[in-house]
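As structure tokens, the structure follows; a few thoughts come after it.
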Amino acid sequence: MRRLQFSIICTSIFLPLTLAGCVKSTVPTVVQDAPQKQQTQQCYELLTALKGLDNSAYETYKQQFNTINQTYEVYKKNQPIIDNNSSEIMKSEIDNKIEVVCSRVRSAVFTDMSRRANTLKQL
């Protein structure tokens, strides 16, 4: 159940974000009220930070979230007419992909910051 909530929260965050083509400067209300507020907010903030650090990586991960969001929309539209097993599998896949992309975002931010720290060491 928590994974479904997490995917709904992330989808609610990233769908408007990706459709608008820009990053909002304030945290959406959905994140502020989320049960997994800390994880969801951290992923959102890191994606926001990544835009300024590595725009190429940001665009890559934004596209990955677009794909997840499109899949989620299909899932939500068809959820009432598919059986519980199919629904559970799809929900798990979406949740797992959200976790994977959030991990990639965290890694990209860490890598960029490490690169910048190494540049400072060489001064």
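Note that region 51-62 has calculated 3J(HN,Hα) couplings of 4, x, 8, 8, 4, 5, 5, 4, 4, 4, 6, 4 Hz, one per residue in order, obtained from phi through the Karplus relation 6.51 cos²θ - 1.76 cosθ + 1.60 (θ = phi - 60°); glycine and proline are x. For the pair region 108-123 and region 62-81, the centres of their Cα atoms are 36 angstrom apart.
Read the figures in this text as sums done on the coordinates, not as results from a lab. Bear in mind the structure is a predicted one, so any value in this text is a computation, not a measurement.
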